[in-house]
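Report on the structure given below.
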Amino acid sequence: MSKLTRFLKDNRGFTLVELLVGITLLSITMSTIGAGLFRALGTQSGVVDDGLAINELRKGFSWFAGDVKMATSTDLDIGGATSPSVKLSWKDQFNDVDITHTSTYALVGDRLVRTYTSNATSTSHTIAHRVISVSFFLNGTSTVVAQVEVDAKPGTTRSLSLSTIMRASR
């Protein structure tokens, strides 16, 4: 018991060298853990960005597919070169009145923009962000193809393609 009592009463503290060594080891340990944590968070952020870019483009493609299915004509040439924009047109009747519709898809900066016009009323909205390139072409007489490349996550691009058949003109 006397050794324990003597040990507990000996309260000299730490020397300056011991404190510096302890702080140095703690700093090295924390910087290693911090670097790993930031790397993990950066990877997660890139994966989330990739998913968001692809998801947004897929939603935009659903607008495009719906417009192509309604369209009876396009400004694309059969067997022609690819185009950075496309115009789709169709007519409907409502109470014996013809209603003309057009949808135009074009790259504006880094956004894919849809402009819809119906009887002189026009609206535009972005259907995809971070778009690098877009091309449209007519495959055969009625299949419209869209190919879009987006900046998914830092240093990575993703390409998606969609083919949709236009309805027959009446």
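The values are calculated or read from the model by the stated rules, or taken from the named source; none is laboratory data. Quick caveat, the model's predicted, so the values are computed rather than measured. Because the Cβ atoms are built from the backbone with ideal geometry, glycine has one as well, and the counts that use them run over all protein chains shown.
Restricting to region 134-156, name every residue that is in a strand (DSSP E or B) and exposed (fewer than 14 other Cβ atoms within 10 Å of the Cβ).
Going residue by residue through region 134-156, those that are in a strand (DSSP E or B) are 134-139, 143-153, 156.
Those that are in a strand (DSSP E or B) and exposed (fewer than 14 other Cβ atoms within 10 Å of the Cβ): 139, 143, 156.
Considering only residues that are modelled with pLDDT under 90 and part of a strand (DSSP E or B), look in region 123-132 and name the one that is farthest from residue 64 (Cα to Cα). Walk me through it before giving the result.
Start the filter on region 123-132 by keeping residues that are modelled with pLDDT under 90, which leaves 125-132.
If we keep only those that are part of a strand (DSSP E or B) as well, we get 125-128, 131-132.
Working: 125: 12, 126: 12, 127: 9, 128: 11, 131: 15, 132: 18 Å.
Ranking the candidates gives 132 first.
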Quiz prompt | Residue in region 41-60 that is in a helix (DSSP H, G or I), among the small types (Gly, Ala, Ser) and at pLDDT 85 or above present | solution = no
Quiz item: If the Cβ limit is 7 Å and pairs must be 6+ apart or interchain, which residue in region 75-97 that is of a type in the set (Gly, Ala, Ser) pairs with which residue that is part of a loop (DSSP other than H, G, I, E, B) and surrounded by fewer than 17 Cβ atoms within 10 Å (Cβ to Cβ)?
Solution: 89/72
Quiz item: Among 112, 88, 76, which is the only one that is buried (at least 17 other Cβ atoms within 10 Å of the Cβ) and in a loop (DSSP other than H, G, I, E, B)?
Solution: 76
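Sort through 104, 117, 82 and tell me the only one that's surrounded by fewer than 17 Cβ atoms within 10 Å (Cβ to Cβ) and modelled with pLDDT of 90 or more.
Numbers: 104 fails: surrounded by fewer than 17 Cβ atoms within 10 Å (Cβ to Cβ); 82 fails: modelled with pLDDT of 90 or more.
Criteria check complete, one pass: 117.
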